[in-house]
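The block underneath contains the structure these notes are about, expressed in C-alpha cells.
The values are calculated or read from the model by the stated rules, or taken from the named source; none is laboratory data. Only a predicted model underlies this, so the values are computations on that prediction, with no experimental measurement involved. Neighbour counts are summed over all protein chains in view; Cβ atoms, including those assigned to glycine, are modelled from backbone coordinates with ideal geometry. Keep in mind that these areas ignore ligands, DNA and RNA; they rest on the heavy atoms of the full protein, side chains included. Shrake-Rupley method; radii C 1.70, N 1.55, O 1.52, S 1.80 Å.
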Amino acid sequence: MIRRTLLLLATLAVCLSTNAAKRKNREAERVVIPIYDTIRVVVTDTIKVEPKPAPRIDTLRLAHTPAEVDSLVEAWSILHQAQAEKAFFDTYTGDDESTASMPIDTLYKQRLLDMVSPVHLPYNYIVRNFINQYLNGRWSALTNILALSKYYFPIIEEELHAAGLPLELRYLPIIESNLSIRATSRMGAVGLWQFMPATGKNLGLEINSLVDERCDVLKSTRAACKFLAHLYKVYGDWTLAIAAYNCGPGNVNRALARAGENCKTFWDIYDFLPRETRGYVPKYIAAAYAYTYHKAHNIEPKPTPDCIATDTVTISRVMHLGQVASTLNIPIETLRDLNPQYKLDIVPATKKSYSLRLPTRYTSEFILNEKDIYAKDSLYLKEFINPANLEKKRAEGVGYIYTVRKDDNLGLIAKRNRCTVKELMKWNKLRSTVIRPGQKLRIEKPKPRG
C-alpha cells in the first residue's frame, strides 16, 4: 500500500517537472529580441566663400558696338514686321474651292464678312464700284499704297492700339491721302489725315512758317485718334464717326435730324449727307477690301521704302537737317522724307525740344556725334538768320517735281496738276510744248491730293 503510494507520488512529480519545463520553453519562445537599425551620419565641414566683386563697367568688352546693335535692332524690326504682315495676308489669300465658282458680288460680300471688324463693312453696288476702282491696275494707286503702308501702318496701328481704337481705322489715311504725308487738298487740308489748319491747331498740332505737324506721322495720328475717339463717343457708331470725320459733326447732325428718330447708321442717313461724304464710307470699305485681298487679285506692291525701321532722338537746340546729313552721311532727302514737318529743313528748338526721326541704324551714331552735329550750326544756319533768306526758302518750298510719263503732254499735265500750260512753261523756262518721258517738271504750287 505504501509502495503504491510512493510510486504514484513519483509519477506525479515527473509530470509536474515535465509540464514546468514545457511552460518555460513556451515563455522563452514569446520573448521578442529587439533589433536596432543603424543610421550613418556623415559630418562635413563648411567653408565660407566671400563674394567676388562685380567687374567694373569700363573693363567690360562689349560684343557689339552701338552702331552694330542699332543695325541688329533694325534687322529684327524689319523681319518681325514682314512676318506679321505675311501672317495677316495669308489669312485672307487661301480661299477654299467653293469660292472659285462664286459670282463676283457674292465673293466680295463673303470676303467682307470674313473681315470681322468693329467697323461695319456691308456690301452693295456703291461699295463694288469703289472696289473696282482700287483694283483697276491702270489708274489705281494701290501698288504705291501697299508699299507706303509698310512704313506708315506700324506707326498708325501702335497709336490706335494705345488709344483703344479699332486697328481697322488705319485704312482712313488711304482714302484721305493715299498715304502721302505731303498730300495737300485744294481746300488746304494737309498730311496723311488731311487736317485743315484750324482743325489741326484745335487738336494741338503746331502749324507755323517753320513747322507743320500735320505732316508729322506720329503727332498727326495721335490727333486723329483723339478726334475719332470723340466722334465715336458722340455717335456710338463707327460709320457715323467716319462720316463726321469727313464732313464734320454739324452735317451729320443735320442729316440725322432730317432722316428721323430711328436712323442710327451711315446708311440710314445716306441720302441726307453731302455728296462727297456719301462716297466716303463706301470708299473706306473698298480700301479695306483692296488692301486685305490684293494678293487674291494678283496685285503686288511697289518696291518697299528704304527706311522702314525708324526711331526718334530729341533735339534741344536750333538745328538744320544738313548738319545731321553731313555728319552721319545720310542723304538729306531721307531726312526730309522722315521729317516732313520741318518745312525749311530747320528744327526750331529754342523754347522747347523737338523730335527728329532717323533710320534706326543711325540713332546711336547721332548720340555719339551730337557735339559735332551741333558744332556745325553756324555753317548751316547763317543763311537763315536773314529774314529775306527765310522768305526765299519758304517760297522755294512750295511745289514739287513731276516726272513726265509716256503719252503725256503739257495740257494733260496741267489738268492733272490743276494749273495752266502757260504756268508750266514759265515755271520750267520752256520755249516749246515739246516734252519727253522721264523729263522733270517743276510745279510751283501745292501738290493736289490723290
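Whether any residue in the stretch 183-197 is at pLDDT below 95, in a helix (DSSP H, G or I), open to solvent by 20 Å² or more (accessible area, probe 1.4 Å) and not aromatic (Phe, Trp, Tyr) is what I want to check. Yes; the residues of the stretch 183-197 include at least one that is at pLDDT below 95, in a helix (DSSP H, G or I), open to solvent by 20 Å² or more (accessible area, probe 1.4 Å) and not aromatic (Phe, Trp, Tyr).
Figure legend. Inter-residue proximity from the stretch 56-84: first residues within 14 Å of Thr310 (Cβ to Cβ), second residues open to solvent by 60 Å² or more (accessible area, probe 1.4 Å) and modelled with pLDDT of 70 or more, beta-carbon distance below 7 Å, spacing 6+ or different chains. Indicated pairs: Asp70/Arg361; Ser71/Arg361; Glu74/Arg361.
Residues being open to solvent by less than 60 Å² (accessible area, probe 1.4 Å) and in a loop (DSSP other than H, G, I, E, B) are represented in the stretch 83-97 by at least one member.
For the structure I just gave you, tell me whether Lys201 is open to solvent by 50 Å² or more (accessible area, probe 1.4 Å) and touching a helix residue (DSSP H, G or I) at 6+ places or on another chain (Cβ under 6 Å).
Details: open to solvent by 50 Å² or more (accessible area, probe 1.4 Å): yes; touching a helix residue (DSSP H, G or I) at 6+ places or on another chain (Cβ under 6 Å): no.
In short, no.
Test Tyr280 against the criterion of being without any contact (Cβ under 8 Å) to a residue 60 or more places away in the chain and within 30 Å of Ile126 (Cβ to Cβ), and give yes or no.
When the stated conditions are applied, Tyr280 does not pass them.
Scanning the stretch 116-127 for residues that are open to solvent by 70 Å² or more (accessible area, probe 1.4 Å), more than 11 Å from Val281 (Cα to Cα) and of a type outside the set (Val, Ile, Thr) returns Pro118, Tyr125.
Are any residues in the stretch 307-330 over 13 Å from Thr363 (Cβ atoms) and in contact with a helix residue (DSSP H, G or I) (Cβ under 7 Å, 6 or more places away or on another chain), and if so, which ones? Of everything in the stretch 307-330, those that are over 13 Å from Thr363 (Cβ atoms) and in contact with a helix residue (DSSP H, G or I) (Cβ under 7 Å, 6 or more places away or on another chain) turn out to be Ile308, Arg317, Val318, Met319, His320, Leu321, Gly322, Gln323, Ala325, Thr327. Taking every residue in the stretch 342-371 that is part of a helix (DSSP H, G or I) and pairing it with any residue that is of a type in the set (Gly, Ala, Ser) and open to solvent by less than 30 Å² (accessible area, probe 1.4 Å), at least 6 positions away or on another chain, the pairs with Cβ-Cβ distances below 7 Å are Thr360/Ala309. Restricting attention to the stretch 131-157, the residues that are over 19 Å from Lys86 (Cβ atoms), part of a helix (DSSP H, G or I) and open to solvent by 40 Å² or more (accessible area, probe 1.4 Å) total 3.
Of the residues Leu142, Leu172, the single one that is under 25 Å from Ala309 (Cβ atoms), touching a residue at least 60 places away in the same chain (Cβ under 8 Å) and touching a Phe, Trp or Tyr at 6+ places or on another chain (Cβ under 6 Å) is Leu142. For residues that are open to solvent by 100 Å² or more (accessible area, probe 1.4 Å) and modelled with pLDDT under 60, tally how many sit in the stretch 391-409. Of the residues in that region, 2 qualify.
Results for (1) open to solvent by 50 Å² or more (accessible area, probe 1.4 Å); (2) small (Gly, Ala, Ser); (3) more than 30 Å from Leu142 (Cβ to Cβ), shown as yes or no for each residue.
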residue	(1), (2), (3)
Leu228	no, no, no
Thr239	no, no, no
Gly248	no, yes, no
Leu256	no, no, yes
Ala259	no, yes, yes
Pro274	no, no, no
Thr277	no, no, no
